[in-house]
Each structure stands twice: as structure tokens, then as C-alpha cells.
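Q: Starting off with a structure, shown below.
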Amino acid sequence: MVLLLKSLKDLSPENHRNEVVVPAYTCYSVASSIIKAGLKIRICDIDDETLSYNIDQLNGIPFDNVLCILTANLYGLPNQLTDLEKIAEKHNVYLVDDAAQSINSKYEGRYAGTFGIAGIYSLDKGKNITSIDGGIIITRSRDLSDIIDERYRELDSPTFRDNAVTAVKILIYYFLLNPYFYWLPANLPFLKLGKTIYDDKYPVKKYSSMLASIALLQLSRIDSITSSRVDNGLWYDTNLSQNTMVKKIAVLENVSPAYLRYPIRILDRKKRDSLVERYKKYGLTISYPNSLDKLNEIAEHVVGIEECHVAGKVARQLITLPTHIFVKEKDRLTLCNIINSLSE
């Protein structure tokens, strides 16, 4: 993301454009990437039913200094990407389709990540395709591609030590994916599992050939990998009950989800927090404990703060359930029974 945003800034014919529009509920690394790219953050609220942008608020943003709009496509559920593409075109700004969590999902028959001028996919831990580190940039613009290539050549290559440490992380990560081992400490410091923290101290380096071989092997099986997650996500969708305490996240029309995880809202925060604390051994997690407008670490880089009450509410309510290939029927049943037992 850092490399792409810097390249977009180079591409832009208007030097004053230095703002990136982001949804208020999204991954903290999005905010840190914008800052590392030397740009400002403009936050927009979301829709609590879909986790996509609040389109009315987005349309009201002053676009004079905006470089690009970022999508989010959280948990393998694409945003209303066609509408976002039209808004970006209307205001003569770039759209960057952040499909870090949505590789192989589709909106209106198009893959998430292919909308706008460029898109990204993450290969970080926890993603459908993972090599623990790294990512993929795609673009339909030859001019942007040339700038990205030039900037990429200037990056440092990973060292032998970098590769060795990453190899150990990969072995531990895949071991801990198995639900039988959820009881192990979920927050090993070097894996940063089980807790979302703001971090802008990471290096930006070239992608190693070792990691590329791991990612390519999985990419050759992406349809079967996605199928397992979709099956688990659809099972939750069918068997989890909605009531005054539990709300599902709506999938937009014409969406083929990838279900990185299955998100739901527990409307009582105390019950949500208690649930996660008691049953985290089953893979229940909280993604982002605060919305971006409440994240103190980025406050000095934020411009034109909008009211983001919905994103704040979602941050207090949302939990996610695992969908990866190691999740079996009995694991799903256990989670379903836990959630369905909630009542006022």
C-alpha cells in the first residue's frame, strides 16, 4: 500500500492532492500506510448493515485535495464498488481497490481488487492466501505500472535473517490455525496474533522469492481454498440466528463473497467482550477495537474529521468467526450454539 500510494502521488498531475479517503472502520495498517506514504487521512463513516461506505457522507466530502478513495472489502465481503468507481470518476480522483481481505471475491461479476486505477491483495498472516508477509499490486495503467516498477527497484531486498525468521513464523502460524490448538497463547509477540495494534515501524522491502513460491503454490489452488471458506461462511449464515442481541452483516446484491472470516455484531458491548474472553479458544476475535477517528496515534495526520458514530458503534459490537480449512462441522456447531444462546 505504501508503494502504491507513493506511486499514485508521483502520477498525479496536481501536486496539492495529498489526502486519502478511507472508511472509518478498517484495518489500522491502512492508516499507517497512508502516513508512511507522506499523505493525509480523510475519514468517512460506514453503513452498519454492510460495513461499506456511508455513500451520502462520502458524496459530501470536499474533494479539492483528495488524491484517492480507498475501498475496504472487509472479511471477504466486497463494498459497493461500482458506486465508488463512479464517485471517484465524478470528482476526478483515483480509486484504489483494497482487496487485502477479499482475494477471489467478486462484485457484479468482477473480482474485488480490479476496480479503479489499481488494487492490492495482502499475503499477510490471516489472509486466504498467505506467505506471512508481502502483497500484490495490480493496475490497468501502464504509466502507474512504470512508476511502481521504478520505485520497487529502489527498495532493499530481504536479508537471509529476514527469510529465516519468516520461515519460522510460517511453521508456527499454520500449526496454530488448527482449532485443537486455539488454547495456546494467541498473542505470541513475534506473530502478533489475537490483538490489533497500530504499528508504523515496519520496513518496506522487496518480496522474497522464497515467499513468492509459497504464495504461488496457494494461488494455484485458490478456488478450492476459497470454496472451503465460502462453505463455512454460508453455513454460519444459514445456522446463526438474528435477534435483539445478534445482527448479521448483510452481503450486498451481486456479490460472491470469499469469507476471510464471518463477521457478526453483538449489540451489547459487555456481552460481546465477555463472549470473546470466554470463548476465544474457539477462534472468536475482535478485529479493530476502535474506529479510525478514535485512534490517537493517527490524529495529527487526519484532516476534516467527520462524525463517525456508526463506525464507533461497529467497533464496539463486531466479532468474527473463523472460516479457514481447518474449521470442521463440530467447531461450527460449537460456535453456533454459543452465539445462538445469547439473549437479553
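Q: How many residues are touching an Asp or Glu at 6+ places or on another chain (Cβ under 7 Å) and either part of a strand (DSSP E or B) or free of Cβ contacts under 8 Å to residues at least 24 places away in the same chain (or both) when one looks only at the range 222-247?
A: So the answer is 0.
Q: Follow-up. Between Glu307, Glu297, which is surrounded by fewer than 18 Cβ atoms within 10 Å (Cβ to Cβ), of a type outside the set (Phe, Trp, Tyr) and not in a helix (DSSP H, G or I)?
A: Just one listed residue meets the conditions, Glu307.
Q: Just to be sure, is Asn232 closer than 26 Å to Ala100 by Cα and either out of contact with any Cys (no Cβ under 8 Å at 6 or more places or on another chain) or among the hydroxyl-bearing types (Ser, Thr, Tyr) (or both)?
A: yes
Q: Further, regarding this structure: Do we have Val276 as without any contact (Cβ under 8 Å) to a residue 60 or more places away in the chain, β-branched (Val, Ile, Thr) and touching a strand residue (DSSP E or B) at 6+ places or on another chain (Cβ under 8 Å) here?
A: Here the answer is yes, as Val276 does meet what is asked.
Q: Here is a list: Lys330, Lys313, Lys271. Which entry is over 30 Å from Ala37 (Cα atoms), touching a residue at least 40 places away in the same chain (Cβ under 8 Å) and out of contact with any helix residue (DSSP H, G or I) (no Cβ under 7 Å at 6 or more places or on another chain)?
A: Exactly one residue qualifies, and that residue is Lys271.
Q: Right, here's the next one. Just name the residue that is modelled with the lowest pLDDT out of those in the range 116-130 that are in a strand (DSSP E or B) and closer than 21 Å to Pro263 by Cβ.
A: Asp124
Q: Considering each residue of the range 95-115, count those that are assigned to a strand (DSSP E or B) and surrounded by fewer than 24 Cβ atoms within 10 Å (Cβ to Cβ), and give that number.
A: Qualifying residue count for the region: 4.
Q: On to the next question. Do we find that Arg261 is basic (Lys, Arg), within 22 Å of the chain's Cα centre (by Cα) and under 21 Å from Asn73 (Cβ atoms) in this structure?
A: Considered against the rule, which asks whether it is basic (Lys, Arg), within 22 Å of the chain's Cα centre (by Cα) and under 21 Å from Asn73 (Cβ atoms), Arg261 comes out as yes.
Q: For residues in the range 203-221 being in a loop (DSSP other than H, G, I, E, B) and either in contact (Cβ under 8 Å) with a residue 12 or more places away in the chain or of a type in the set (D, E, K, R) (or both), which is nearest to Arg110 (Cα to Cα)?
A: Result: Arg221.
The values are calculated or read from the model by the stated rules, or taken from the named source; none is laboratory data. Quantities reported herein were computed from a predicted structural model and do not represent experimental measurements. With ideal geometry, Cβ positions are generated from the backbone for all residues, glycine too; neighbour counts draw on all protein chains shown.
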